[in-house]
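One structure below.
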Amino acid sequence: EDRLARRTAEGVAILPHGFPEAWLGHPIEVHDLAVGPEARLSFAVRWHGDRPAVLWEQRGSAPLSSGADPSWSTAEPSGETLWAAPFTGDLG
């Protein structure tokens, strides 16, 4: 579960360690994951080319962030966004 989401000092991080290489390009769905005593998180990832589209819904009021796209955060309880393309280690 720690790969999927975990509590941080600021709230909850989705994919706190980013995407494992084997997950790149594959859809992900997580339903009703416990992220605190009274908090639950569901999210899905779909791919638009090399960019992950993320939909989320949470019960609880923790701000969300992501290890997969450190520039993204939200306080919205639900929504959707397009994260930056993950770094794959290929610098050309």
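A short reminder: the numbers here are calculations on the coordinates, not readings from a lab. Worth saying up front: this structure is predicted, and the values here are computed from it rather than measured. Glycine also receives a Cβ, built like all others from the backbone with ideal geometry; neighbour counts cover every protein chain displayed.
Observations
- 20 Å reach of a label modelled at His17, 7 Å along Cα-to-Cβ, counting backbone N of the stretch 48-76: 65-71
- Using only side-chain charges placed at the Cβ, +1 for Lys and Arg and -1 for Asp and Glu, the dipole size of the chain relative to its Cα centre rounds to 80 debye.
- Based on C-alpha pairs under 8 angstrom that are at least 6 apart in sequence, the stretch 5-82 has a relative contact order of 30 percent.
- Distant-in-sequence amide contacts of Ala68, defined by a placed amide H-H separation under 5 Å and a gap of 5 or more residues or a different chain, comprise Gly18.
- Between Leu55 and Glu76, the modelled labels are 1.3 nm apart [label points 7 Å from Cα along Cα→Cβ].
- For the stretch 1-88, GluC sites (Glu not before Pro) meeting the loop criterion (DSSP other than H, G, I, E, B) and having at most 16 other Cβ atoms within 10 Å: Glu1, Glu10, Glu38.
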